[in-house]
1. Residue by residue through region 14-37, note down the ones that are within 16 Å of LYS52 (Cα to Cα) and of a type in the set (Asp, Glu).
2. Tell me, please, whether a residue that is within 8 Å of the chain's Cα centre (by Cα), modelled with pLDDT of 95 or more, assigned to a helix (DSSP H, G or I) and of a type in the set (A, V, I, L, M) can be found in region 37-48.
Amino acid sequence: MVGISFEEGALFELRFWLQILGDHAMLIRDDIAPGEAAEISRAEQFIQAFDKLL
């Protein structure tokens, strides 16, 4: 049985953590009060940044 290379493992782990960070950004955005537009916008920026890196 052949294992995965270091690069494949690192890429898998990077994608995993980017997905987790994106999910957390969505949870934070969804929990911000509707009147806090600046904070919602900032959370959206994080979501877009993490999605772009995927």
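1. Once the filter is applied, which keeps residues that are within 16 Å of LYS52 (Cα to Cα) and of a type in the set (Asp, Glu), region 14-37 yields only ASP23.
2. Looking through region 37-48, at least one residue is within 8 Å of the chain's Cα centre (by Cα), modelled with pLDDT of 95 or more, assigned to a helix (DSSP H, G or I) and of a type in the set (A, V, I, L, M).
The values are calculated or read from the model by the stated rules, or taken from the named source; none is laboratory data. Because the structure is a prediction, the values reported are computed rather than measured.
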